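Structure, as structure tokens:
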Amino acid sequence: FEEASNCIRISEDGEWVMSTGTYKPQIHVHNLPQLSLSFTRHTTSLNLSFVLLSQDYSKSLHLQTDRKLEFHTPMGCHYEVRIPRYGRDLLYDRHAAEALVPAVGLDADGKGEVFRMNLELGRYMKSYQIEVGGDDETGGGLQGGIGVGSVNVGAIAENTHNLLAFGTSIGTVEFWDPRSKSRAALLSGHDGEVTALDFASSGLSLATGSSTGMIQLFDLRRPVPLLKKDHGYGFAVQKLIHMTTSSQEKKIMSADKRIIKIWDEQSGDPWTSVEPVVDINDVAWCKNTGMLLTANEGKQKHAFFVPQLGTAPKWC
């Protein structure tokens, strides 16, 4: 990229890497078996986050910073739709075929919103209403104000119970059941805002990261954290990934803008860390391998290989 990369994702089949960056705002798609840039495409605005809807790169959904959702296919931008307020994150609920956009600001009832765009019907459904503090001194601030409440991040336990988790600016995590469209539980007690969430593959463990750099590990059956860990730099935690090494040890990868740390899930002991020379924007893990790819504030995207984490991917 000419300046920096914002976001990076590896496709489900492990053969494609899609990344977005600036300046000018653009999308790059790399084919891994060929180790080549497949194509690049410019967009009218900067990308905040995106999800790959298909097994490869052919269907992707992009959340842009000018309140647009863009649907991209190999031919180009297939369709775009506006969202009512600025989005902070993007999720895809495969069982309901819904794109979920946690957003900034309050609705008419004084609640924060997660917009639900049903891709099968092609229209918005009734939003999930999340408590983010109302229009008062202690709450989320005035609508449109600088301290207005927001739903920052979401996670979905995709291969298990399909519960949705949403982290807010008032330091709570709300769990929603997409079948009954109702709130199932509330988890509070975080320092600062919740900025990162990740479910384990079993669906029973949830890792949360806050804007003060604190990481907590929860078992969904208990309201008390199993483990608390300070990232050490005071920056917001941007990414959390549950990992399993080649020797079946359970690790967790956490990243803020300065450093990537991998540590033991049971004890919290540090295992290894990577500190690039430029600030990190996003991290992707090639599943079941030792390869990490990062999007960062430099022209090059970085690749890091940890042999103890797993073997090299086939394309290496």
Around Ala4: net Lys/Arg minus Asp/Glu count, Cβ-Cβ under 14 Å = -1
query = If you take the Cα Rg of region 186-234 and divide it by 2.2 N^0.38 Å, with N the number of residues, what do you get?
reply = 1.08
Residues of the chain: accessible area per residue with a 1.4 Å probe, Å² = 46 Å²
remark   = For Cα Rg over 2.2 N^0.38 Å, with candidates (i) 0.96; (ii) 1.07; (iii) 1.02, the value calculated from the shown model is option (i)
note = Farthest towards the positive end of the dipole of region 132-285, among Thr195, Leu164, Ala255 and with Cβ unit charges of +1 on Lys and Arg and -1 on Asp and Glu, lies the Cα of Leu164
query = What length, rounded to one decimal in nm, is gained on full extension from Asp66 through to Gln34, with 0.36 nm per residue of separation minus their alpha-carbon distance?
reply = 8.1 nm
message = For Lys257, give me every one of the lysines with a C-alpha distance below 25 angstrom, ignoring sequence neighbours fewer than eight places off in its own chain.
response = Lys24, Lys228, Lys229, Lys239, Lys287, Lys299, Lys301
note = In whole percent, the Cα-Cα distances of region 1-69 spread across 5 Å bins from 0 upward as 4, 18, 29, 26, 16, 6, 1, 0
Value of relative contact order over region 201-272, rounded to a whole percent, pairs C-alpha under 8 Å and six or more apart = 21 percent
task = For region 135-258, count all C-alpha to C-alpha pairs, find those more than 21 Å apart, and express that count as a whole percent of the total.
result = 40 percent
query = So what is the relative contact order for the chain, in percent, with contacts set as C-alpha pairs under 8 Å and at least six apart?
reply = 11 percent
ask   = If we sort 31-43, 187-199 on the protection proxy, mean other Cβ atoms within 10 Å, highest first, what's the order?
value = 187-199, 31-43
task = Subtract the Cα-Cα distance of Gln300 and Ala184 from 0.36 nm times their separation in residues, and report this length gain in nm to one decimal.
result = 37.5 nm
request  = Rounded, prolate or oblate: pick one for region 161-213, where a ≥ b ≥ c are the square roots of the eigenvalues of its C-alpha gyration tensor, a/c under 1.5 means rounded, and failing that, prolate if a/b is larger than b/c, else oblate.
outcome  = oblate
task = Along Cα→Cβ, 7 Å out, is where each label goes; now give me the distance between the ones at Arg41 and Thr311 in nm to one decimal.
result = 3.4 nm
key: Inter-centroid distance (Cα atoms) of region 178-233 relative to region 53-108, Å   = 24 Å
request  = Express in nm, to one decimal, how much length is gained between Gln266 and Gln55 on full extension, taking 0.36 nm for each residue of separation and deducting their alpha carbon distance.
outcome  = 72.7 nm
request  = Evaluate E = 1/(1 + (r/R0)^6) for Asp219 and Glu275, where r is the Cβ-Cβ distance and R0 equals 51 Å; express this FRET efficiency to the nearest 0.05.
outcome  = 0.95
query = For labels at Lys287 and Tyr86 in the simple 7 Å Cα→Cβ model, what's the distance in nm?
reply = 3.3 nm
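The values are calculated or read from the model by the stated rules, or taken from the named source; none is laboratory data. Everything numeric here is computed off the predicted structure, so don't read it as measured data. A quick note on method: Cβ atoms are made from the backbone with ideal geometry, for glycine too, and the neighbour counts reach across all protein chains shown. Ligands, DNA and RNA are excluded from the accessible area calculation, which covers all protein heavy atoms including side chains. Shrake-Rupley method; radii C 1.70, N 1.55, O 1.52, S 1.80 Å.
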